[in-house]
1. Within the range 124-165, track down each residue that is in a strand (DSSP E or B), within 29 Å of V182 (Cα to Cα) and away from ligand 1 (no atom under 14 Å from the Cβ).
2. Could you tell me whether the range 187-200 includes any residue that is of a type in the set (D, E, K, R), within 16 Å of ligand 1 (Cβ to nearest atom) and in the same structural domain as T105 (by TED's automatic domain parsing)?
3. Mind listing just one residue for me: the one in the range 250-299 that is among the aliphatic types (A, V, I, L, M), in the same structural domain as G90 (by TED's automatic domain parsing) and over 22 Å from N364 (Cα atoms) and, of those, most open to solvent (accessible area, probe 1.4 Å)?
4. Quickly run through the range 128-156 and pick out the residues that are within 19 Å of L272 (Cα to Cα) and within 16 Å of ligand 2 (Cβ to nearest atom).
5. Can you confirm whether L121 is modelled with pLDDT of 95 or more, more than 16 Å from ligand 2 (Cβ to nearest atom) and closer than 24 Å to E270 by Cβ?
6. So which residues in the range 240-282 are within 16 Å of ligand 2 (Cβ to nearest atom) and under 20 Å from S298 (Cα atoms), if there are any at all?
7. Would you pick out the residues in the range 69-108 that are in a loop (DSSP other than H, G, I, E, B) and within 16 Å of ligand 2 (Cβ to nearest atom)?
8. Which one of these is open to solvent by less than 60 Å² (accessible area, probe 1.4 Å) and more than 28 Å from the chain's Cα centre (by Cα): V169, V182?
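The values are calculated or read from the model by the stated rules, or taken from the named source; none is laboratory data. Here the structure is a predicted model, which means the values were calculated and not measured. Every residue, glycine as well, gets a Cβ built from its backbone with ideal geometry; the counts of neighbours run over all protein chains shown. SASA here: full protein model, heavy atoms, side chains in, ligands and nucleic acids out. Shrake-Rupley method; radii C 1.70, N 1.55, O 1.52, S 1.80 Å.
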Amino acid sequence: MAKGKTVYFCQNCGYESAKWMGQCPGCREWNTFVEEVVEKTASGKGKAPGREAEAVRPSTLDEIQFETEERMSTDFPELDRVLGGGIVPGSLVLVGGDPGIGKSTLLLQVCQKLSRKMDVLYISGEESLQQIKMRAARIGTFTSRLTLLCETNLERISQVIQREKPRVVIIDSIQTMYREEVSSAPGSVTQVREATGVLMRIAKEQGIAIFIVGHVTKEGVVAGPRVLEHMVDTVLYFEGDRHAVYRILRGVKNRFGSTNEIGVFEMCQEGLREVKNPSEVMLSGRPQGASGSVVACSMEGTRPMLLEIQALVCRSSFGIPRRTAAGTDLNRVNLLMAVLEKRAGLSLSSSDAYVNIAGGLRMNEPAIDLGIVLALASSCKDRPVGEKTICFGEVGLSGEVRAVSMPQQRVTEAAKLGFEVCVLPAVCLSAVKESGGMKLIGVSNVKEAMERAL
Ligand code: TYD
Ligand code: MG
């Protein structure tokens, strides 16, 4: 019998330590260390198992056959885009997100679409077959090429996969899976890591695409999928407010494509529905002629997205003014307020300020700086920005408005949605060839932007 070694793991980020610690040096979370026994098996760590050293030979680049990887479309254009053009056979995709956000629903819908053309196996360790059937009944009709299995033992799962040979496998949730040889409980860092290792071998050896669901919890009861991020090929996060209907699928890591892409979905009675034009959705219900409301444009990957930035500036009744930012970075908002104070002569130091990105989304692209600045200035002066005006640009510390990427795409998107005036960095003017009938106002600093837009 192999001897076990006691190791302490941070349940949040997977940091490994020989002693217990109160705070994790890796992720700075408190009380996340849990003791686990790591068994050393006969093949042992640190020793290459089995293969003879002579049989292993490195190859030159010329010897490697270049295969253009075939991609399987999921028939969900939003998901395909985030994946970088479709599912790559043999890839391991981690779908993370808070419990109840809709991961199982999304993957069951993917199964529904994929099973029209290939064999798909859905393995659930969380729900019974009846529960899955109930969910499936809400989503629609399925073909018989989708098979379901309730199982948590990975040895048995890999046998089933060997026998059934599906093209795509879904593992609903990695936290419930376990290997018998590993003594720690399912959901612990060791189990989650081992289980992912097994799945990775299956995926690579047999060319099966595997989707793994991982729950993220902050409490450290279950190992966050953070520890697997470096093992898998693609990491997608499903985010959004559980009480709102919109969900965003965001690529965090992708070995086969860009990581900036997002997919927008809407949760409805029959499962998730794609949102084809998120800008239109984000701008619905915008107040008319109100001060402090500005439309800005942010690039999410290759797609421009219009969003409404709202600001409320009012006199503070306490010594220390209150500032909050929902949907964007508070530090950035503080910095932009300091710029406004110093470079545009706005007196904000004794004012409360609340900044909000409408629609419950998070946007951090610097190109929305100009939008935040104009929203703050508009609210402070109580002068509305034109309803048909949109703006983008990065703001620097000396109050200058700096260039941003892809101005043409942003202008085109705004013109498509009926905007008539665009305030943009003056240096970007030459890059916009086609204005689509919009009036372009190039500005070089914050003061000029305020004069032209307010
Ligand atoms: P689920 O996919 O179970 O979440 P996860 O697997 O991420 O834990 O999603 C559950 C939520 O979605 C639940 O609150 C109910 C809601 N839902 C709908 O609104 N419509 C539907 O058609 C389905 C299947 C679920
Ligand atoms: Mg689920």
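1. T147, L148, L149, C150, N153
2. Taking the range 187-200 as the starting set, the residues that turn out to be of a type in the set (D, E, K, R) are 193-194.
From what's left, within 16 Å of ligand 1 (Cβ to nearest atom): none.
Among the residues of the range 187-200, not one is of a type in the set (D, E, K, R), within 16 Å of ligand 1 (Cβ to nearest atom) and in the same structural domain as T105 (by TED's automatic domain parsing), which makes the answer no.
3. Filtering first and then ranking leaves M267.
4. Selection gives Q131, I132, K133, M134, R135, A136, R138, I139.
5. On the way: modelled with pLDDT of 95 or more: yes; more than 16 Å from ligand 2 (Cβ to nearest atom): yes; closer than 24 Å to E270 by Cβ: yes.
For L121, the condition - modelled with pLDDT of 95 or more, more than 16 Å from ligand 2 (Cβ to nearest atom) and closer than 24 Å to E270 by Cβ - is met.
6. Our first condition is that a residue be within 16 Å of ligand 2 (Cβ to nearest atom); within the range 240-282, this holds for 240, 242, 247, 249, 265, 267, 271-272.
Within the range 240-282, G240, R247, L249, F265 meet the criteria.
7. Residues satisfying the conditions are D98, P99, G100, I101, G102.
8. Exactly one residue qualifies, and that residue is V182.
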